Amino acid sequence: RSSLDSAPAIVRADPKTGREQVLVDTSLTDYTSLTADRSGEKVAYASFDVTIAPSGTAAVSDLFALDPATRSVRRITVGKHLWQPALSPDGTTLVAVQRRKNFSRLVLVDQSTGAVSPLFSRRETNVFNPAFSPNGKLITFALNNHGRQRIMVLDLREARGRVADMAAARPLPGAPDTNAFFPRFSGGGHIIFVADLGGGLALYAGAALVFGPPAQLARGVPRTW
């Protein structure tokens, strides 16, 4: 959280009282660069490492691991240009978005060594907001190709060890090929995302494994679930 009267921090908030416990004072690379496993016992986030030298100032985004119980922080990567991490529900798999020249790709990150290996890369495209399915076998993300943004589904079992191709990553069936944002898995094999399909932002659910048009859930910018 960030406010006008306090430093940016990752906090644990009580949903009933709103009372906050600061876990670590830090800023994030962006407001979606924070992830946790299903238990909440493992947290990963992306933050800038700033180096000041006579030649100028350089800022590189890297990944860090946070233990909420002890509030200890461990650096995962160094100089890897990573942001928007996503932990699998069981906490064993970590993926993130990595800058690659003027664009970005989806990568797998070794939580022990910080080693990075590509999962999905396509020429002149940008990857946004990866998220795992409840069973940890699929990843959904937004793919932007020169302004046209669509929701993709990646089968992690097919993608491991090689850059994903169309067999391992495919567009969400029935979803729009432009102006689709922030995909997340819900129950029953569906993906929820925000899109403008009818003249205004609305919340939609599309079947990840079944062809068919996405069903509209709510119109307008969603504020609560």
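A few remarks follow.
- Answer residue from the range 183-195, given it is part of a strand (DSSP E or B) and either more than 17 Å from residue 143 (Cβ to Cβ) or at pLDDT 90 or above (or both) and is farthest from the chain's Cα centre (by Cα) among those: 190
- Unmet requirement for residue 55, which otherwise passes all of (1) out of contact with any helix residue (DSSP H, G or I) (no Cβ under 8 Å at 6 or more places or on another chain); (2) modelled with pLDDT of 95 or more; (3) hydroxyl-bearing (Ser, Thr, Tyr): (2)
- When 180, 164, 168, 159 are checked against the criterion of being under 19 Å from the mean Cα position of the chain (by Cα), modelled with pLDDT of 85 or more, small (Gly, Ala, Ser) and within 22 Å of residue 119 (Cα to Cα), 180 stands alone in meeting it.
- Filter result (farther than 19 Å from residue 30 by Cα and open to solvent by less than 10 Å² (accessible area, probe 1.4 Å)) within the range 126-139: 133, 139
- Within the range 7-50, considering residues that are over 20 Å from residue 88 (Cβ atoms) and aromatic (Phe, Trp, Tyr), the one least open to solvent (accessible area, probe 1.4 Å): 48
- Taken as a whole, the structure places residue 57 among residues that are of a type in the set (S, T, N, Q) and loosely packed, with under 14 Cβ neighbours inside 10 Å.
- Residue in the range 111-121 that is hydrophobic (A, V, I, L, M, F, W, C), more than 27 Å from residue 39 (Cα to Cα) and either at pLDDT below 95 or buried (at least 22 other Cβ atoms within 10 Å of the Cβ) (or both) present: yes
- The single condition among (1) at pLDDT below 90; (2) surrounded by fewer than 18 Cβ atoms within 10 Å (Cβ to Cβ); (3) aromatic (Phe, Trp, Tyr) that residue 204 does not meet is (2).
- Checking each residue in the range 134-161 for being touching a residue at least 60 places away in the same chain (Cβ under 8 Å) and in contact with a helix residue (DSSP H, G or I) (Cβ under 8 Å, 6 or more places away or on another chain) picks out only 138.
The values are calculated or read from the model by the stated rules, or taken from the named source; none is laboratory data. Just so you know, these numbers come straight off a predicted model, no measurement behind them. Virtual Cβ from ideal backbone geometry, glycine too; neighbours counted across all protein chains shown. Side chains are part of the model used for accessible areas, which takes the heavy atoms of the whole protein and leaves out ligands, DNA and RNA. Shrake-Rupley method; radii C 1.70, N 1.55, O 1.52, S 1.80 Å.
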